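For reference, the structure discussed in these notes is given below.
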Amino acid sequence: MGLLSKKATCNTHGQDSSYFLGWEEYEKNPYDEIKNPDGIIQMGLAENQLSFDLIESWLAKNPDAANFQRDGQSIFRELALFQDYHGLPSFKNAMADFMSENRGNRVSFDPNNLVLTAGATPANETLMFCLTNPGDAFLLPTPYYPGFDRDLKWRTGAEIVPIKCTSANGFRITKSALEEAYEEAQKLNLKVKGVLITNPSNPLGTTTTRTELNHLVDFISRKKIHLISDEIYSGTVFASPGFISVMEVLKDRRLENTDVFKRVHVVYSLSKDLGLPGFRVGVIYSNDDNVVSAATKMSSFGLISSQTQYLLSALLSDKKFTKNYLQENQIRLKNRHKKLVSGLEAAGIECLKSNAGLFCWVDMRHLLKSNTFEAEIELWKKIVYEVKLNISPGSSCHCNEPGWFRVCFANMSEETLEVALDRLKKFVDGPSSTARSQSEHQRLKNLRKKKVSNWVFRLSFHDREPEER
Ligand SMILES: Cc1ncc(COP(=O)(O)O)c(C=O)c1O
């Protein structure tokens, strides 16, 4: 151990969170309809497997793209050679156009402001390296994607301070929550460098409203800080209200060519909308040339292979395909979402009303033994080990109210989802059910606001060795 670096041995990676532990449990005993029907069903993975057939049929009709060929001639040597970190121009153009299409062409993206990265994970980290020094903070609305603890903090030394959103208003971002988070950071002697949102939200599955986006733009203008909008789920919006990108708000408010415009950065990736997390394709879009230049240099640590860029530039340039894909994928997501929501309803479980994403934010507060995070983890363990469903507890998303869970619906077949819903209903109805009576439910509701576990808001700062701070 002594020969390893502090970074290699520190425990701030977040691998010990219940989010990742659930995945490990699933790996040990994965469900298979034939080979392992009693195994764990993976509902903790935000993967989109609903529209693979559309991509597969495009590949079958366009064999050149995946076969290192152009007009039937091999371009293997061209693709195999060393590439610079600016990426293939044809791919950047196709990506910029696809991002505009995803936003109903209400805004356009300049390929010169795009930086290619191997997924949204390095895109977010690279932005942290560009915008923060170790110990500087970003404010994030809770609940948030558990991977951010790793992506934003681990290697950069940046901190996350929560913007505490609550179920009272559907977890919406308010002016006062933003101000409180800012003050909290100041009390902790942390310099706030920006706010990071996911729009649509992971784990809520909701799109950010224009009112929220306006609050955010006003806030970062006033405080002279940055705004990162991770829009990785922008193509998954399957019901109204439609998706509004922060870029659209800036345009509508005629803020282009202002200082605040330069402090807004968008992250995107093809991991969710196209269901290609294995291809590792992401981008940073920044309005600040200095950020574009620094991030481009940093991108050499995680480039997208030229083979992948070549294939996807052909796919994304096929406008007929992308239009049909986006529409059809949204219809499939909508149907799947409906199936999950109605199946949960049949088990007496409600969800936050949502219109996007690959998951629902599920309210199981009435199934808790007490209104505590300990009870949430107890229920989670039952669901993983007895019901054999891996879902993500809200505490892993830093939710400040116990009893919420993120449940994914697009990474499995419809039949598997039915098995999962059936298991859950039996658990809630069955003799071992921990479901509370109505009066107990009310008692819990009253208690709910009082208790918030401190560890949910723990900063990585507090986990570090004193000399590392
Ligand atoms: C909000 C958000 N950002 C980033 C990522 C990471 O995506 P990628 O696979 O492109 O690295 C995820 C993945 O779940 C996510 O939900």
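The values are calculated or read from the model by the stated rules, or taken from the named source; none is laboratory data. Every value quoted in this text rests on a predicted model; they were computed, and no experiment measured them. When we count neighbours, we look across all protein chains shown, and the Cβ atoms used for this are built from the backbone with ideal geometry, even at glycine. For the accessible areas, the whole protein counts, side chains as well, though only heavy atoms, and no ligand, DNA or RNA atoms are used. Shrake-Rupley method; radii C 1.70, N 1.55, O 1.52, S 1.80 Å.
Solvent exposure of region 66-318, expressed per residue, is 39 Å² of accessible area, with all protein chains present and a 1.4 angstrom probe.
Between region 278-301 and region 1-45, the C-alpha centres lie 29 angstrom from each other.
Using the Cβ-Cβ distance between Ser293 and Ser221 with R0 = 22 Å, the FRET efficiency computed as 1/(1 + (r/R0)^6) comes to roughly 0.40. For the chain, calculate the relative contact order in percent as a whole number, restricting contacts to Cα pairs under 8 Å that are 6 or more residues apart. Rounded, it is 23 percent for the chain. Restricting the calculation to Cα atoms, region 241-394 shows an Rg/Rh of 1.06 when the hydrodynamic-style radius is the Kirkwood one. Near Glu125: Cβ cut-off under 10 Å, other residues only, Lys/Arg at +1 and Asp/Glu at -1. The net charge is +2. Taking 29 Å as the straight-line reach from the Cα of Lys61, the lysines in range (excluding those fewer than 8 positions away in the same chain) are Lys92, Lys272, Lys319, Lys320, Lys323, Lys334. In the chain, helical runs assigned H by DSSP with n ≥ 4 each contribute -39500 (n - 2.57); averaged across all residues and rounded to the nearest 500, the mean residue ellipticity at 222 nm is -12000 deg cm²/dmol.
Segment Thr258..Glu414, full-extension length gain: 51.3 nm, with 0.36 nm per residue of separation and the alpha-carbon distance subtracted. Applying the criteria of a DSSP loop state and at most 16 other Cβ atoms within 10 Å to the chymotrypsin sites (Phe, Trp or Tyr not before Pro) of region 78-138 yields Phe82, Tyr85. Taking only the alpha carbons of region 196-307, we obtain Rg and Dmax values of 14.8, 44 Å in that order. Near Ser108, once Lys and Arg are set to +1 and Asp and Glu to -1 for all other residues with Cβ below 12 Å from its Cβ, the sum equals -2. Shown here: region 66-318, whose C-alpha atoms stretch 62, 40, 34 Å along the first, second and third principal axes, sorted largest to smallest. With each label modelled as a point 7 angstrom along the Cα→C-beta vector, the Asn335-Lys426 pair spans 2.7 nm. Placing +1 on the Cβ of every Lys and Arg and -1 on the Cβ of every Asp and Glu, with nothing else charged, gives the chain a dipole about its Cα centre of roughly 1140 debye.
Distant-in-sequence amide contacts of Val161, defined by a placed amide H-H separation under 5 Å and a gap of 5 or more residues or a different chain, comprise Phe138, Leu139, Leu140. Count Lys and Arg as plus one, Asp and Glu as minus one, and take only other residues whose Cβ is under 13 Å from that of Glu414; the net charge is then 0. Once divided by 2.2 N^0.38 Å, the Cα radius of gyration of the chain becomes 0.98. When the charge dipole of the chain is built from unit charges on Cβ atoms (+1 for Lys and Arg, -1 for Asp and Glu) and taken about the Cα centre, the candidate among Leu190, Met247, Ala158 whose Cα reaches farthest toward its positive end is Leu190. By the beta carbon rule, with partners counted only under 4.7 Å, the chain holds these lone Cys residues: Cys10, Cys130, Cys165, Cys397, Cys399, Cys408. Each residue, Glu101 and Lys353, gets one label point 7 Å from its Cα in the Cβ direction; the gap between the two is 3.2 nm. Taking only protein heavy atoms and a 1.4 Å probe, the accessible area of the chain is 51% carbon and sulfur. A simple spin-label model places the labels of Glu56 and Thr209 4.2 nm from each other, with each point 7 Å out along Cα-to-Cβ.
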